[in-house]
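Below is one structure; the comments refer to it alone.
FYI, it's all coordinate maths here, none of it is from the lab. Quick caveat: nothing in here was measured; it's all calculated off a predicted structure. All Cβ positions, glycine included, derive from the backbone under ideal geometry; neighbour counts span all protein chains shown.
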Amino acid sequence: MKLTWPLALGVLALAAACAIALSTGTSNASLARALFDASSNDRVIVMSLRLPRVLLGAVAGAGLAAVGVAFQAILRNPLAEPYILGVSGGAALGATIAIACGVASSTLLGAEVLPIAALACGLGATAFVYALARGAGGGGSSILLAGVVVNAVASAAITFLKTLVPERIAQDILFWLVGFLDTPSSPAALPLVALYVAIGAVVLLRDAGRLNLLALGSDQAGHLGVDVGALERRTLVACSLVVGAIVSVTGLIGFVGLIVPHVLRRLIGPDVRRLLPVSLPAGAAVLVACDALSRILFHALHTTPPVGAVTALIGGPLFLVLLRRRVTS
């Protein structure tokens, strides 16, 4: 199967998900009226409120799916996903500290403190994980174990902080941790996240062929001319940049980077050179569709569930089904 068809199907799925998401919301606004009547309230609702949220979901979904493909390749573990490295735990801890200190909405050099704290702590956690893994002898399994430990420590620290702050601030921390998509509070937030995701995606796409060779093992890849250490460092930094930027704006959204690569691998094969480009529109479509579903549920629940809860409720059972089929096949 050529790359053109899977990529085209991914783009069509993304376009359909965006159309549904732009037509869905807590208020009745027509997408057609918004497109063709510039003076209508529908245009204000769709273009000013829904469109930035849909674009953020597309960028975040694309980045998480691509990072999931890269992590599973570099760690040679199909259970690896964007949050296993520890970057999510570090980013969450940084954001929690900013919220607990009451400086989340403050600005530093013109930018909000919360995204800065989340991104900085996420990158710091990645550097710490890599240092631990190198001290333990390096390799994918060492990085995986170090990431799990760092995430566990960060989670414990977040729980401890939640017990020390007033209930109102604890609710803010909880809302951020469950993952959400909303219209970015800062006009620069969406372009910056898109820039970070684009930079990371370009690095990963350039290394797709080398990531393929890692499936043969580090020694064999080295014999074929791959600088395994440099490739690991480059991939980890690119993935951390992408995940840290996304988490700093959306909070923790899980399972997109785990489920999308698994499904695509069953459909188009394990070749990273094919998986990476197709994962971008596919991941974007999945997260935008989940966000649309969370808003559709508003009419039944009279509240909008966080998209992180929706992805977990859908992705968890789906992953168990995929895992069972993998074991029995």
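Overview of results
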quantity	calculated
Given charges at Cβ of Lys, Arg, Asp, Glu: segment 4-328 dipole, positive-most of A188, A201, G94	A201
Point-charge dipole on Cβ atoms (K/R +1, D/E -1) for segment 4-328, about Cα centre, debye to 20	620
Average Cα contact separation per residue, segment 176-321, under 8 Å, 6 or more apart, as relative contact order %	34
Net charge contributed by nearby residues that have their C-beta within less than 14 Å of A238 (K/R +1, D/E -1)	+2
Sorted by Cβ density within 10 Å, fewest first, the residues S27, S186, S240	S27, S186, S240
Local electrostatic count, A34, Cβ distance below 15 Å [Lys/Arg +1, Asp/Glu -1]	+2
Translational diffusion of segment 26-104, µm² s⁻¹ [Kirkwood Rh, Cα pairs; Stokes-Einstein; 20 °C; 1.002 mPa s]	135
Least to most buried among E232, E81 (fewest other Cβ within 10 Å first)	E232, E81
Kyte-Doolittle at least -1.0, axis length at least 20 Å by Cα - qualifying DSSP helices, the chain	4-23, 51-74, 113-135, 140-164, 189-206, 228-250, 272-296, 307-328
Directionally averaged projected area (convex hull, Cα atoms, segment 118-222), nm²	9.2
Relative contact order for the chain, counting Cα pairs under 8 Å that sit 6 or more residues apart, in percent	31
Percent of alpha-carbon pairs separated by more than 37 Å within the chain	16
